[in-house]
1. Using a basic spin-label model with each label point 7 Å from the Cα along Cα→Cβ, how many nm lie between residue 142 and residue 76?
2. Pairing the Cα long axis of helix 114-137 with the longest principal axis of the chain, what angle in degrees results, from 0 to 90 and rounded to the nearest 10?
3. By how many degrees, between 0 and 90 and to the nearest 10, does the Cα long axis of helix 54-77 differ from the longest principal axis of the chain?
4. For the Cα atoms of the chain, what angle does the longest principal axis make with the long axis of helix 30-48, in degrees from 0 to 90, nearest 10?
5. Please arrange 90, 71 by counting, for each residue, the other beta carbons lying within 10 Å of its beta carbon, fewest first.
6. Would you mind ranking 166, 191, 152 so that the residue whose beta carbon has the fewest other beta carbons within 10 Å leads the list?
7. By how many nm would the segment from residue 84 to residue 125 grow when fully extended, if each residue of separation counts as 0.36 nm and the alpha-carbon distance is taken off?
8. In the Gaussian network model of the chain, springs joining C-alpha atoms below 10 Å, which of 158, 46, 77 carries the largest mean-square fluctuation?
């Protein structure tokens, strides 16, 4: 069963009040939600502590590596909406999906929409590059090597830019779909409306 409910242009996106059956469905499991918020905390700690609290910065960086390993495992072993099974399909759909957002056509997805999937992949890759290059910097072999330092700096900047885009995207999609996506990532439940 496809998880998207496309919104047709020019047609109302909601059924009459007597036909709408708002309900909630469990989307994100507890391990995924804990991972999401732990990652957010670690990224913020890592962003604000370099050259100030280097020990804390390293702990946050190593924690990010551990969290990325967990997410990779959970992408195959987790619950339905935690798995990576639709990643290829959603990534191919992302450009068209983002293009249609200009006209307010967003469709409804129970899990991540194509733009959210693209953001997930971009964040995971940039976090991996940032955390691994950061860990390399404190080794004897790579200490002071310019390209390792530059890779860490640029990928860390990319992470923060992507985090800002992620937050803005979640707010915009929440407004477009009249859904509190931040609360959904806390409770794990999303509202599903009848069509």
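Values quoted throughout were computed directly from the atomic coordinates according to the rules given, and no laboratory measurement underlies them. Predicted, not measured: the structure shown is a model, and the values here were computed from it. Virtual Cβ from ideal backbone geometry, glycine too; neighbours counted across all protein chains shown.
1. Output for this residue pair reads 2.3 nm.
2. Between the helix axis and the principal axis of the chain, the angle is about 10 degrees.
3. 40
4. So the inclination is approximately 50 degrees.
5. Ordered from fewest to most neighbouring Cβ atoms within 10 Å, 90, 71 come out as 71, 90.
6. The order, fewest Cβ neighbours first, is 191, 166, 152.
7. Gain on stretching residue 84 to residue 125: 13.3 nm.
8. It is 77.
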